[in-house]
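A.B. asks: Handing you this structure, nothing more for now.
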Amino acid sequence: MYSELNGKVAVVTGGGAGIGLACATRLAESGVAVGIADIDSAAAEQAAQTLNSQGRRCMAVVTDVSQPAQVAALFQTTSEAFGPIDIAVNNAGVGSPLTPLGDTEETDFDRIMAVNLKGVWLCMREALRHMTPLGTGSIINMASALSTTTFPGSSLYTASKHGVSGLTRSAAVEYGESGIRINAICPGFISTPLLHSTVTEEAAKAMAAKHPMNRLGSPAEIADAVVFLASDASSFVTGSLFSIDGGWTAT
Ligand SMILES: NC(=O)c1ccc[n+]([C@@H]2O[C@H](COP(=O)([O-])OP(=O)(O)OC[C@H]3O[C@@H](n4cnc5c(N)ncnc54)[C@H](O)[C@@H]3O)[C@@H](O)[C@H]2O)c1
């Protein structure tokens, strides 16, 4: 669909499952060579193996996005294998138990911020270090509907995702003339392992009802937007928080 993506190089964090796997798959199908980064080595290896068996160009890079040295190694390894990084999809994230703020735990705060906020910051910083000398690139952060609204019990996750929107908008303004575009996608509730591991099926139904479309989204519906933001079709789009949420945040 976006032929100019053919031959480009991307890093997708959290690429072993859920939304990240869908993004890696759609990019690879568009001819992009993808460094699939995940803390779960088996998931990353499986994703790369499956895509390569279909004639795609992917490699697994085991990475904990909260660790600066591992993030630097991810970008270095991917660029050494495939060439300069054109696209960074900073998607890895963790959920939080649904808990009123007064009952939240410091360990949960630290874990959620380390992956969802520090991890995105580290990946953005590394992507900018690679892209700035080239004067081109697209950085796509996986934010959330909870970057602009909230949901009872989600204060820590909501705070981390509001942080992602702040990083996205600030960097887009700072790098406006650089040739590097920086955007975030704000999904509503998407049917992935993360969602189903943190809530009961009954709660998942209640989440579906949050969207005027009265269903959960699919990972592929998010991946389609990632490919758009990676492509020249979005050449005048930077600093945007792209809602893909079945109308939730319009209510
Ligand atoms: N599923 C939803 O409803 C939903 C909604 C809005 C936003 N999001 C966001 O989308 C992103 C992907 O979510 P998902 O639902 O696909 O999750 P998922 O759990 O299905 O997949 C996340 C992947 O990230 C990996 N990961 C976790 N911690 C990591 C770390 N420290 N370093 C590297 N990889 C790590 C996991 O191993 C997993 O493969 C997250 O940032 C999430 O917050 C999800």
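Derivation of every value follows stated rules applied to the coordinates shown; laboratory data play no part. Everything quoted here is computed from the prediction, not taken from an experiment. As a convention, Cβ positions derive from the backbone with ideal geometry for all residues, glycine included, and neighbour counts pool all protein chains shown.
A.B. asks: For the stretch 3-250, build the charge dipole from Cβ charges (+1 Lys, Arg; -1 Asp, Glu) around the Cα centre, then report which of PRO68, SER235, ALA250 sits farthest towards its positive end.
C.D. replies: It is SER235.
A.B. asks: Starting from the Cα gyration tensor of the stretch 113-234, take the square roots of the eigenvalues, sort them a ≥ b ≥ c, and report rounded, prolate or oblate (rounded when a/c is under 1.5, otherwise prolate if a/b is larger than b/c, else oblate).
C.D. replies: prolate
A.B. asks: Got a sec? How would CYS58, CYS23, CYS123 order by Cβ neighbour count within 10 Å, fewest to most?
C.D. replies: Ordered from fewest to most neighbouring Cβ atoms within 10 Å, CYS58, CYS23, CYS123 come out as CYS123, CYS58, CYS23.
A.B. asks: Please identify which residues in the stretch 48-87 have an amide N closer than 16 Å to a label point set 7 Å out from the Cα of THR198, following the Cα→Cβ vector.
C.D. replies: From the stretch 48-87, the list is empty.
A.B. asks: Another question, if that's okay. What 222 nm value per residue comes from the helices of the chain, counting each DSSP H run with n ≥ 4 as -39,500 (n - 2.57) and dividing by all residues, nearest 500 deg cm²/dmol?
C.D. replies: So the calculated ellipticity at 222 nm is -13500 deg cm²/dmol.
A.B. asks: At 0.36 nm per residue, and after removing the present C-alpha to C-alpha distance, how many nm does the segment from GLU80 to PHE151 gain when stretched out fully?
C.D. replies: Computed gain between GLU80 and PHE151 is 21.3 nm.
A.B. asks: On a 0 to 90 degree scale, rounded to 10, what angle separates helix 219-230 from the longest Cα axis of the chain?
C.D. replies: So the helix axis and the longest Cα principal axis differ by about 40 degrees.
A.B. asks: Can I get the semi-axes of the stretch 1-77's equivalent ellipsoid? Compute them from the C-alpha gyration tensor as square roots of 5 times the eigenvalues, in angstrom, largest first.
C.D. replies: Rounded to whole Å, the semi-axes are 20, 13, 10.
A.B. asks: Could you please state, rounded to a whole Å, how far the C-alpha centre of the stretch 125-151 is from the C-alpha centre of the stretch 174-197?
C.D. replies: That distance is 7 Å.
A.B. asks: Sticking with this one: Figure the gain on full extension for ASP103 and THR251 (residue separation times 0.36 nm, minus the Cα-Cα span) and round it to one decimal in nm.
C.D. replies: 50.4 nm
A.B. asks: What would the Debye equation give as log₁₀ I(q)/I(0) for the chain at q = 0.09, 0.12, 0.17 Å⁻¹, counting only Cα atoms as equal point scatterers?
C.D. replies: -0.35, -0.63, -1.30
A.B. asks: With angles folded into 0 to 90 degrees, how steeply does helix 68-82 sit against the dominant principal axis of the chain? Use alpha carbons for both and round to 10.
C.D. replies: Here the helix axis deviates by roughly 40 degrees.
A.B. asks: To continue, here is another question. So how do MET113, MET1, MET207 line up by other beta-carbon neighbours within 10 Å, fewest first?
C.D. replies: MET1, MET113, MET207
A.B. asks: On C-alpha positions alone, give me the angle between the axis of helix 155-174 and the longest principal axis of the chain, in degrees, nearest 10.
C.D. replies: With rounding to tens, the tilt is 40 degrees.
A.B. asks: Related question: Please list 3J(HN,Hα) in residue order for the stretch 112-119, calculated via the Karplus relation 6.51 cos²θ - 1.76 cosθ + 1.60 where θ = phi - 60°; whole Hz, with x for glycine and proline.
C.D. replies: 5, 5, 4, 8, 6, 10, 5, x
A.B. asks: Something else now. For GLU45 paired with ALA72, estimate the spin-label separation in nm (one decimal), with each label point 7 Å from Cα along the Cα-to-Cβ line.
C.D. replies: Here the modelled spin labels are 2.7 nm apart.
A.B. asks: Moving on to the next point. Straight-line reach from LYS118: which lysines fall under 20 Å, measuring Cα to Cα and dropping same-chain residues less than 8 apart?
C.D. replies: Excluding near neighbours in sequence, the set is LYS161.
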